[in-house]
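I'd like to ask you about the structure that follows.
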Amino acid sequence: MSTATHRMTADELFLLPHDGTKRYRLIAGELRTMSPAGSQHGFVADNVAHYLNCFIRPRRLGKIFAAGTGFVVQRNPDTVLASDVSFVLRDHIPAGGPLREFFPGPPDPAVEVISPSDCQDEIDEKVEV
């Protein structure tokens, strides 16, 4: 007798409540929770986003997405990641602009700020996907 485990989809993840106390990522259908980032982490990510925007916006190269923006990087089973700063080329933005739901595909590129509390296995997992 087999017992199948339900794998969460990107659509189910999108419907979870966002109360600001937890951050989520979905790895091959498995929901993972993360605690909110510290203030230094946010400060560094904001600086990276600012300087990237100073270069990208006047050249109309694409869009910068802030931390917490979900990107569906794999389907069946679904993997949804949210990096600290993400950039998407103009040609990869869906017609009509960014969507309400998670972005359909990976960013080009993603920036992750490494915190002292991040373990090497988590960092490796993010890089591999």
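A short reminder: the numbers here are calculations on the coordinates, not readings from a lab. Every value quoted in this text rests on a predicted model; they were computed, and no experiment measured them. Using ideal geometry, Cβ is built from the backbone for each residue, glycine included, and neighbour counts are taken over all protein chains shown.
Give the angle, between 0 and 90 degrees and rounded to the nearest 10, that separates the Cα long axis of helix 39-59 from the longest principal axis of the Cα atoms of the chain.
Here the helix axis deviates by roughly 50 degrees.
Also, quick follow-up: Identify which of R90, R59, R25 has the largest mean-square fluctuation in a Gaussian network model of the chain, with springs joining Cα atoms closer than 10 Å.
It is R59.
Which entry in [x] 2, 9, 19, 21, 21, 14, 8, 3, 1, 1, 0, 0, 0; [y] 2, 8, 15, 18, 17, 15, 10, 7, 4, 2, 1, 0, 0; [z] 2, 10, 19, 22, 18, 13, 8, 5, 2, 1, 0, 0 is this structure's computed P(r) over Cα pairs in 5 Å bins from 0, in percent?
Derived directly from the coordinates: [x].
In nm, what is the difference between 0.36 nm times the number of residues separating V48 and N76 and their Cα-Cα distance? Before the final figure, lay out each step's value.
Details: separation 28, 0.36 × 28 = 10.08 nm, distance 3.24 nm.
Roughly 6.8 nm would be gained on extension.
Normalised by the number of residues in the stretch 15-98, what is the relative contact order in percent for Cα pairs under 8 Å and 6+ residues apart? Mind showing how you got there, number by number?
Details: 103 pairs, mean separation 23.9, N = 84.
Across the stretch 15-98, relative contact order equals 29 percent.
Could you work out the helix-only [θ] at 222 nm for the chain, with each DSSP H run of four or more residues adding -39,500 (n - 2.57) and the total divided by the number of residues, to the nearest 500 deg cm²/dmol? Could you put the intermediate results ahead of the total?
Details: 3 runs with 35 residues, N = 129.
The helix contribution divided over the chain gives -8500 deg cm²/dmol.
Now for a separate question. Using a simple spin-label model with points 7 Å from Cα along the Cα→Cβ vector, what separation in nm is obtained for I123 and L61?
2.5 nm
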